[in-house]
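The values are calculated or read from the model by the stated rules, or taken from the named source; none is laboratory data. Keep in mind that this is a model prediction, so the values were computed, not measured. Please note: Cβ atoms are built from the backbone with ideal geometry, for glycine as well, and neighbour counts cover all protein chains shown.
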Amino acid sequence: MSLADDLGIGTRGFADRQIGLDKVPEAQVQALAQDFKANPPLPFDIARPVLVFNCQIEFVEFGLEKIQLQRQEIPIPSEIMGLAAKNIHGLFRLNPGEDLIAKEDELEKLKHEIDKKFTRPARGFGGSLIRRLDKDKFLAEVKKLEVALEILRTVVRAQFQNIAEKKCQELINNLLLAIKRSPPKDCISFLNAKDGDAKLLKWLQNQLDKPFAKVAKVADEMRVTYRLKGVTFESLKAPEFIARAQEAFPDLQLHEEYTAAPEMPPTTSPQ
């Protein structure tokens, strides 16, 4: 059988018809009627402007978060706060060094270049604007930025861990004698013990491990963020948005008719 026969328009007409014989259930018809009643179609010819904007422009929010490589201040544990030791406050500060600061600057520069290439500000409307045509290229560049960030994370973890280990060792050397001279109450029982020095050392190491471990975790909080959102109909009706879109992407050649959808002409019943 041919498609014409299945549709009932062949040589035998409806005798061979196979398509379109099933009836729509009454309940489904009623549900559709209720849906149209609750959400009636707008009396505007919006197909053209919606298509133009939705196909060409989207909102995008794009950023680098928690890239904070300034000097880290580590809280001094209360158990050792009162001990008289050389440079105790200075040893609880970690300076990331010029190399890490330079790498942070490089990452910020890469993010700025992606912004400059693909996005345009949309002040007053949240986020920026991006061409949908460029979305795949934008996401590919964002992926490169994420790779660069992961490299930075690795370097930050290693560098902070190395600094922390040196600081901890220097603190232990400075504080061990101070603890023996004026032991906290948790350490008094260690003083006359056979392995007292080992126990003091372990206790001190435990006090220092937790605050210094938090510093290395600063790398875990670094992240690239982005979110793409479609342009709403409310934005399409706003002359301010139209002006902002034309300013951002002049070559879209938006016309006046796109700033508001024309009302559909009234239909007349055939006489």
Exercise. Give me the pairs: first residue in the stretch 107-125 and within 12 Å of Val224 (Cβ to Cβ), second residue of a type in the set (D, E, K, R) and surrounded by 13 or more Cβ atoms within 10 Å (Cβ to Cβ), beta-carbon distance under 6 Å, and six or more apart or on different chains, which are they?
Worked result: Ile114/Glu141
Seminar exercise, completed: When (1) more than 30 Å from Lys214 (Cα to Cα); (2) at pLDDT 90 or above are applied to Ala193, the one that fails is (2)
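Are any of the residues in the stretch 82-91 of a type in the set (D, E, K, R) and crowded, with 16+ Cβ neighbours inside 10 Å?
Looking only at the stretch 82-91, we keep the residues that are of a type in the set (D, E, K, R), and these are 86.
Cutting the leftovers down to crowded, with 16+ Cβ neighbours inside 10 Å gives us none.
Looking for residues that are of a type in the set (D, E, K, R) and crowded, with 16+ Cβ neighbours inside 10 Å, one finds none in the stretch 82-91, hence no.
Residues that are of a type in the set (A, V, I, L, M, F, W, C) and not in a helix (DSSP H, G or I): does the stretch 154-172 have at least one?
Looking for residues that are of a type in the set (A, V, I, L, M, F, W, C) and not in a helix (DSSP H, G or I), one finds none in the stretch 154-172, hence no.
I need the full set of residues from the stretch 131-179 which are small (Gly, Ala, Ser) and touching a residue at least 40 places away in the same chain (Cβ under 8 Å), in order please. Please lay out each step first, then the result.
If we filter the stretch 131-179 for residues that are small (Gly, Ala, Ser), which is where we start, we get 140, 148, 158, 164, 178.
Passing the criteria: Ala148, Ala164, Ala178.
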Exercise. Is the stretch 254-265 home to any residue that is of a type outside the set (D, E, K, R) and modelled with pLDDT of 85 or more?
Worked result: no
Problem set entry | Lys229 being free of Cβ contacts under 8 Å to residues at least 40 places away in the same chain, charged (D, E, K, R) and either surrounded by fewer than 13 Cβ atoms within 10 Å (Cβ to Cβ) or over 30 Å from Gln68 (Cα atoms) (or both) | no
Seminar exercise, completed: Per the list (1) touching a helix residue (DSSP H, G or I) at 6+ places or on another chain (Cβ under 8 Å); (2) over 26 Å from Leu94 (Cα atoms), residue check on Leu139 breaks on (1)
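When you look at Glu104, is it surrounded by fewer than 17 Cβ atoms within 10 Å (Cβ to Cβ) and either within 17 Å of Val218 (Cα to Cα) or touching a residue at least 60 places away in the same chain (Cβ under 8 Å) (or both), yes or no? Show your work before the answer.
Working: surrounded by fewer than 17 Cβ atoms within 10 Å (Cβ to Cβ): no; either within 17 Å of Val218 (Cα to Cα) or touching a residue at least 60 places away in the same chain (Cβ under 8 Å) (or both): yes.
Criteria not met by Glu104.
Specify which of the listed residues (Ser189, Ser182) is under 24 Å from Pro75 (Cβ atoms) and over 49 Å from the mean Cα position of the chain (by Cα).
Ser182
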